[in-house]
Each structure stands twice: as C-alpha cells, then as structure tokens.
Amino acid sequence: MKNILVIGSTGQIGSELTAALRDQYGSQHVVAGYIPSAPPRDELREAGPSAVADVTDGGQLAAVVKEYKIDTIYNLAALLSVVAEQKPKLAWKIGIDGLWNVLEVARENGCAVFTPSSIGSFGPSTPHELTPQDTVQRPLTIYGVSKVTTELLSDYYFHKYGVDTRAVRFPGLISYVTPPGGGTTDYAVDIFYAAARGEKFVCPIAEGTRMDMMYMPDGLRAAMELMEADPSRLKHRNAFNVTAMSFAPENIYREIRRRMPDFTMEYQVDPLKQAIAESWPDSLDDSAAREEWGWRPQYGLASMTRDMLEKLSERLGA
Ligand code: SER
C-alpha cells in the first residue's frame, strides 16, 4: 500500500488531488501537507492525516516522511506565473530550493516524486503550434525558468540516484473548487465565476490568444495515472506534455453564451499577462503521454463548460 504526502495540499491542485488520492488509496494513507499560513479546511483535515510540511524546510519534510512512512510525494508547492514575476526570489526559493529539499528527502527515503511542470516551461522561441514533447525551452519568466529547472533537476535525480521522478506539463487548469491565484490562465476560471454570478466579465487576455487548458478532473487523473504507469514504458519522465483543449477568450465566451445568452464580456488587456500568454504555446502535442502511459482527456470545451456552470451555480447558490 502506498503512503502519500501531498505538499501544498490546500492549493489550487492540492485541495482536489488530496481528496482524489484518498478516494483511491484510502484516507489514512494520504497526508495533507500544508504551511501554517494556509491550513486545511475542515473536510480536508477531518478526512485523514495532515501535517505541517513546508517545502523550504528539509528537516521538517524528512520528519513527516519518516513519521508516516511515506513512499510517494506529490510536490505541489509553487507560485503561479504572474505572482512569480512580482516575487522572483520567493518563486525560486519555493520552486527550486524547495524541490531540492524534496528530492533529497526522496533519495534518502526511497520515495517517488511528482512535481508538475507547465506550459510555462516554453518560451517565445518554442514552436507554438502542436508544440512537440522535445523542443526548445527558453522561457523568459521566472516561473518558466523554475519549471525548466524542475524538469532538469528531477531528471538528474532519476539518472544519478534512481529516484522515481515523473511529471506532466500542465496547461491552464480549470476548476470550480479552489480558485488559482496569480496565473496567466486564471481568466479561464474567472470567466465562469462572472457568468455564474450574472456579472459582466472583463477579460485581461486579448482576443485570438490561444492557450492549452484542461478541466481539473482530467488534470488529477493525469497526475495519478502517470504515477501508476509501468516504468518500463516511460521513455520520458520530466515532464510530459498533456492537454485537453486549446482556446482563445472568444471561444470560451461563445461557449458560455450558448448556455447563458445574456452573459457579456469586454476586453481590458493586462500587458504582463498578455506578454506571458503570447510566449506560451497555442497548442501542445501530447502524443508521447498518449503512447507511453495511455493518457486520454475526457473533457472538451463544451462538456467542461456545461459541468463548470452547473457546479459553480450550485456552489454560489445562483
Ligand atoms: N496556470 C499556470 C499559470 O497561468 C500555468 O501553468 O501561471
């Protein structure tokens, strides 16, 4: 049986991944790791073990890993792209110094490690259409620099020490549970909140700017399926392109309007977000993930929009 530690269990991905892992492996086998400034909410704390696990404190991580006999770590501590530009030093401290701590603890205790990369690991010189699995990665953001470093360091620990590191490059993740904070793809979540509240949406990304996106249930499945994949089939490790859809603001706006004809949107482009978005791929080629571990998304734009609007309206009581 696996004993799993989720670092960053109260964040955008962690809050849902912790619950999904508990469903799959049993609640007592999944420890919700958190930092004191972002404690778990009641349902997360009551459903299974939780522990303070600050990625910047290697000694603390080692103690939690030993106490709970952890064999798999999902390392989800990170700042998203826009906020990382405002706090580059902190982004590096969490993303890279923190990763170093995680990999060292994993090496000493024989743990497998999942540390997500991102479409942000690509940059302006990357081919933008059907971005290949193996291609130029020269991002201009600190978020991207830290994600490329994450990929390299994770591969290094696999080749040098045999640590079972695996990862995907997540596209923008869309969910009705925990909102993202400070990302470039956040607009694709915020637009649903505006629609469900009956408000006009002010879009910070320009018309025609396509980015890869994924509904959170597919994102959780991608992480869990990759960690269960037969290692003998993996030619790549850190990190696999995965995608479910690629759209621009006008596409998602049109899809929401099909269900809510009164919904309106206007553009007020944010120059930082727009510059980051333009440097990222328009669409990813995820054939390596499909071939090496059977990746298949289940949600497209229409099915995600239907589910998001239903669930969010329920949650917001609209
Ligand atoms: N969702 C992230 C961001 O926008 C990209 O991986 O920063």
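The values are calculated or read from the model by the stated rules, or taken from the named source; none is laboratory data. This is a predicted model, so every value here is computed, not measured. Cβ sites come from the backbone with ideal geometry, for glycine too, and all protein chains shown count toward neighbours. The protein model used for the area step is the full one, side chains on, heavy atoms only, and it has no ligands, DNA or RNA in it. Shrake-Rupley method; radii C 1.70, N 1.55, O 1.52, S 1.80 Å.
Details
- Search result, residues across the stretch 43-63 that are closer than 12 Å to Val105 by Cβ and surrounded by fewer than 23 Cβ atoms within 10 Å (Cβ to Cβ): Asp57, Gly58, Gly59, Gln60, Ala62, Ala63
- Listed here are the helices (runs of 4 or more DSSP H) enclosed by the stretch 22-122 that have at least 3 residues being over 30 Å from Pro271 (Cβ atoms) and modelled with pLDDT of 95 or more: 58-67, 98-109.
- Inter-residue pairs, beta-carbon under 7 Å, first closer than 19 Å to Ala91 by Cα and without any contact (Cβ under 8 Å) to a residue 12 or more places away in the chain and in the stretch 170-186, second within 11 Å of the ligand (Cβ to nearest atom) and of a type in the set (A, V, I, L, M), 6+ apart: none
- Candidates Leu90, Leu76, filtered to the one that is within 16 Å of the ligand (Cβ to nearest atom), over 26 Å from Ser232 (Cβ atoms), more than 18 Å from the chain's Cα centre (by Cα) and not acidic (Asp, Glu): Leu90
- Unique residue being farther than 20 Å from Gly123 by Cα and either within 16 Å of the ligand (Cβ to nearest atom) or open to solvent by 80 Å² or more (accessible area, probe 1.4 Å) (or both) when the list is Asp307, Asp286, Asp262: Asp262
- The stretch 101-134, subset within 15 Å of the ligand (Cβ to nearest atom) and among the β-branched types (Val, Ile, Thr), residue farthest from Lys87 (Cα to Cα): Thr131
- Filtered residues of the stretch 127-152 (kept if crowded, with 19+ Cβ neighbours inside 10 Å and among the β-branched types (Val, Ile, Thr)): Thr131, Thr141, Ile142, Val145, Val148, Thr150
- Filter pass, Pro204 being touching a Phe, Trp or Tyr at 6+ places or on another chain (Cβ under 9 Å), open to solvent by 50 Å² or more (accessible area, probe 1.4 Å) and closer than 30 Å to Asp262 by Cα: no
- Across the stretch 92-112, a minimum of one residue is classified as under 29 Å from Arg296 (Cβ atoms) and either polar (S, T, N, Q) or surrounded by fewer than 20 Cβ atoms within 10 Å (Cβ to Cβ) (or both).
- Qualifying residue in the stretch 135-158 (condition: touching a strand residue (DSSP E or B) at 6+ places or on another chain (Cβ under 6 Å), within 16 Å of the ligand (Cβ to nearest atom), basic (Lys, Arg) and not in a strand (DSSP E or B)): yes
- In the stretch 171-201, residue nearest to Pro249 (Cα to Cα) [restricted to those that are open to solvent by 10 Å² or more (accessible area, probe 1.4 Å) and part of a strand (DSSP E or B)]: Phe201
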